[in-house]
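Engineer: To start, I am sharing the structure in question, which I have written as structure tokens.
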Amino acid sequence: MEEQLETLNGGGDYTAADIQVLKGLEAVRRRPGMYIGSTDQRGLHHLILEVVYNSVDEAIGGYCDHVNVTLHEDSRVTVEDNGRGIPVEIHPETGLSALETVLTTLHAGAKFGGRSYRVSGGLHGVGISVVNALSSWIVVEVRRDGKIYRQSYSQGASEGEITEEELIAVDSSPTGTTVTFLPDRQVFESLDYDFAFLSQRLRELAHLVPKLETSIRDEKKDKVKTYYFEGGVGSFVRHLNRKKTPLHSKPIHIAQETNGTAVDVALQYNEGYSELTLSFANCVNTGDGGSHLTGFRSALTRVLNEYARKAKIVKSGETLFAGEDVREGLTAVVTVKIAEPLFEGQTKARLGNPEVKGHVESVVGEGLSAFLEEHPNEARRIIDKCLSTAKAREAARRARELTIRKGIGDFSNLPGKLAECSEKDPAECEIYLVEGDSAGGSAKQGRDRTFQAILPLKGKILNVEKASPDRMLAHEEIRALITALGTGIADQLDMSKLRYYRVIIMTDADVDGSHIRTLLLAFFFRYMPELIDRGHLYIAQPPLFKIQAGKEHHWVYSEAEKDEKIQEMGNKKIDVQRYKGLGEMSPVQLWQTTMDPETRTMLQVTTEDAAKADEILQVLMGEEVPPRRAFIQAHAKSVRNLDI
């Protein structure tokens, strides 16, 4: 045993020679995930946004009014602004130019001293240097002092001195910075940019910095988007709420600076059941929230309770509103600008400054109280919605008690139709949510009973986008699903009680199957978002056709793949069988094609953009018909006799 451990640990000797000192940007290339989160598409986008945030910092300071992003056909990316331009003179400490210093040195930048940037989104000072380290090459062009300065880099190292030439200001602004880079294919899984995601981020930035024009061009897809807004976060909330029915005509806008923190908040209630609150710190999207979001929610709950008591809508002694009661149907944007942001982690997903909570709570509390006093009709509509939500929450609590088990070891309340697996370690277990009893029967017979559980779902589950929580929990199939997973939902969600680390949606490869899959995705996104965030939710990919010629057979998953495979097989006598449903497959076929971990294909469900996901769910599953009609007409290959 000791010999095995010694082998695994690389030998028994441990000396000074084993200590590695990584120089320059070598550490970034060795462990890119520490700096950009991952090397998938999310990390690839992070590179672009790091450069964009530098330009936005110039805009926040009033030195820049446009930022342009270009995705080139050969996968290069260019980010251009009309700011002051990165300084090029020699840095007194490094002996290099200031440009080369910030491109090649971690934690070097103008954002630490507070002289050049009172507010910035990149206080870590690693943004542009990390982009340099993780690019095959990068070229920086600086326009300032009537000249153009250029310098090239390769995998983090400069390729020569700065060159300069006289600036002829015809097609470009007299000052600014242009960064062109090619992400390193040795680092990233692919160089496939998501135009929709990046354009959404640039839209957000245009909202957050009024009068800043942002644009993005995709040369491959011949797409261009340009954004310019003067309404700030108020127009942002109106945009997010545009496909919902608001309770009050205009967003409540609260903006004030206190103790060095500039707080800017807009909120508007709608008739829906879900909450969409986006938070930003120095224009960086803090997807995991932080102290500013906590302060906002505390103020919201406190002020609405105080107003309800003061207006005698809620009598003394009655139960106060809980946080979830005042957030149902809420759309809000919370943004702060501070001199010393403490982001938790290099990807800046959460703000950690503890003092910001109090600053935001104070500003929002004062501003919201004033609004409610000055607008009693709007206040009454908001309070009435909170009352309705509180009553539904209490009904949902009683229903939830019927669905939440006492613990993982208690199997007494599991739904009777659940075919359980024998493995007890959740990390080794998976559950298939199967459409219908017929497919459920095939799945139960074809599965590996050791680690695969099967939960057949009868028909289409309730559309939670149109249902209150108490009505949702009254739905038998949803109760069975919640009970089987064991985590609870919403504010009582406890992922430590998850009984299966892979939750797999397996529906027929037809329109009805797609609809059922969408209904399940809506449920998970609204009531179990952490299941998605932690990578536990998957979609099975059953084949659509079996193509057979003699003893040779192939499973294919689309019409296009079928046509391609038939062409490949030549002049053989071919039999094509289409599977309309999972129940048409034998248990052996279902195992071989869709359930065998060695051969199956599954899609992992992720949510990179909460605002976009919320919008799509509103369009596809919400009350409003015209947006859904427009979506179908835009995406369907042919639409005849459309009846929604």
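The values are calculated or read from the model by the stated rules, or taken from the named source; none is laboratory data. Bear in mind that the values here come from a model prediction, so they are computed numbers and not experimental data. Methodologically, a virtual Cβ is constructed for each residue, glycine included, from the backbone with ideal geometry; neighbour enumeration extends over all protein chains shown. Quick note on the areas: whole protein, heavy atoms, side chains included, nothing else; ligands and nucleic acids left out. Shrake-Rupley method; radii C 1.70, N 1.55, O 1.52, S 1.80 Å.
Engineer: Among (1) assigned to a helix (DSSP H, G or I); (2) open to solvent by 10 Å² or more (accessible area, probe 1.4 Å); (3) touching a residue at least 24 places away in the same chain (Cβ under 8 Å), where does residue 377 come up short?
Structural biologist: Residue 377 satisfies all of (1) assigned to a helix (DSSP H, G or I); (2) open to solvent by 10 Å² or more (accessible area, probe 1.4 Å); (3) touching a residue at least 24 places away in the same chain (Cβ under 8 Å) except (3).
Engineer: Another question, then. One residue is enough: does the stretch 415-423 have a residue meeting the conditions open to solvent by 70 Å² or more (accessible area, probe 1.4 Å), modelled with pLDDT under 85 and in a loop (DSSP other than H, G, I, E, B)?
Structural biologist: yes
Engineer: Can you name every residue in the stretch 33-78 that is farther than 16 Å from residue 203 by Cα, hydrophobic (A, V, I, L, M, F, W, C), touching an Asp or Glu at 6+ places or on another chain (Cβ under 6 Å) and at pLDDT 95 or above?
Structural biologist: Passing the criteria: only 71.
Let's see how each residue does on (1) surrounded by fewer than 18 Cβ atoms within 10 Å (Cβ to Cβ); (2) part of a strand (DSSP E or B); (3) at pLDDT 90 or above; (4) in contact with a helix residue (DSSP H, G or I) (Cβ under 6 Å, 6 or more places away or on another chain):
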site	(1), (2), (3), (4)
499	no, no, yes, yes
503	no, yes, yes, no
515	yes, no, no, no
562	no, no, no, no
565	yes, no, no, no
571	yes, no, no, no
590	no, no, yes, yes
594	no, no, yes, no
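Engineer: Identify the single condition in (1) basic (Lys, Arg); (2) within 26 Å of residue 520 (Cβ to Cβ); (3) open to solvent by less than 50 Å² (accessible area, probe 1.4 Å) that residue 580 does not satisfy, given that it satisfies every other one.
Structural biologist: Checking residue 580 against (1) basic (Lys, Arg); (2) within 26 Å of residue 520 (Cβ to Cβ); (3) open to solvent by less than 50 Å² (accessible area, probe 1.4 Å), the one that fails is (3).
Engineer: Taking the stretch 181-219 as the search range and keeping residues that are open to solvent by 10 Å² or more (accessible area, probe 1.4 Å), of a type in the set (A, V, I, L, M) and not in a helix (DSSP H, G or I), which one is nearest to residue 28 (Cα to Cα)?
Structural biologist: Across the stretch 181-219, the extreme among qualifying residues is 187.
Engineer: If I ask for residues that are in a helix (DSSP H, G or I) and surrounded by 17 or more Cβ atoms within 10 Å (Cβ to Cβ), which ones from the stretch 461-470 would you list?
Structural biologist: Answer for the stretch 461-470, where residues must be in a helix (DSSP H, G or I) and surrounded by 17 or more Cβ atoms within 10 Å (Cβ to Cβ): 464, 465, 469, 470.
Engineer: Only residues that are under 24 Å from residue 239 (Cα atoms), in a loop (DSSP other than H, G, I, E, B) and among the hydrophobic types (A, V, I, L, M, F, W, C): list them for the stretch 322-363, please.
Structural biologist: Answer for the stretch 322-363, where residues must be under 24 Å from residue 239 (Cα atoms), in a loop (DSSP other than H, G, I, E, B) and among the hydrophobic types (A, V, I, L, M, F, W, C): just 349.
Engineer: Scan the stretch 263-276 residue by residue and report those that are open to solvent by 20 Å² or more (accessible area, probe 1.4 Å) and either of a type in the set (Asp, Glu) or assigned to a strand (DSSP E or B) (or both).
Structural biologist: Hits for the stretch 263-276 are 264, 271, 275.
Engineer: Tell me, yes or no, whether the stretch 153-171 has at least one residue that is within 27 Å of residue 280 (Cα to Cα) and either assigned to a loop (DSSP other than H, G, I, E, B) or small (Gly, Ala, Ser) (or both).
Structural biologist: Checked against the condition, which is being within 27 Å of residue 280 (Cα to Cα) and either assigned to a loop (DSSP other than H, G, I, E, B) or small (Gly, Ala, Ser) (or both), the stretch 153-171 yields no hits at all.
Engineer: Could I ask something else about it? Could you identify the single residue in 483, 507 that is crowded, with 22+ Cβ neighbours inside 10 Å, of a type in the set (S, T, N, Q) and closer than 15 Å to residue 455 by Cβ?
Structural biologist: Within the list 483, 507, the selection yields 507.
Engineer: Is the stretch 232-245 home to any residue that is among the aromatic types (Phe, Trp, Tyr) and crowded, with 18+ Cβ neighbours inside 10 Å?
Structural biologist: The answer is yes; a qualifying residue exists.
Engineer: Which numbered condition in (1) open to solvent by 40 Å² or more (accessible area, probe 1.4 Å); (2) closer than 30 Å to residue 463 by Cα is the only one that residue 615 fails?
Structural biologist: Every condition holds for residue 615 apart from (1).
Engineer: Any residue in the stretch 195-217 that is more than 18 Å from residue 240 (Cα to Cα) sitting within a Cβ distance under 9 Å of a residue that is of a type in the set (Phe, Trp, Tyr) and part of a helix (DSSP H, G or I)? List the pairs, counting only those 6 or more apart or interchain.
Structural biologist: 216/195
Engineer: Scan (1) under 20 Å from the mean Cα position of the chain (by Cα); (2) modelled with pLDDT under 85 for the single condition residue 468 breaks and write down its number.
Structural biologist: Among (1) under 20 Å from the mean Cα position of the chain (by Cα); (2) modelled with pLDDT under 85, residue 468 violates only (1).
Engineer: While we're looking at this one, here's another question. When the stretch 142-159 is examined, which residues are found to be modelled with pLDDT of 90 or more, open to solvent by less than 40 Å² (accessible area, probe 1.4 Å) and under 15 Å from residue 100 (Cβ atoms)?
Structural biologist: 142, 149, 151, 153
Engineer: Only residues that are in contact with a strand residue (DSSP E or B) (Cβ under 8 Å, 6 or more places away or on another chain) and open to solvent by less than 10 Å² (accessible area, probe 1.4 Å): list them for the stretch 277-296, please.
Structural biologist: Across the stretch 277-296, the qualifying residues are 279, 280, 281, 282, 283, 284, 286, 289, 290, 292, 296.
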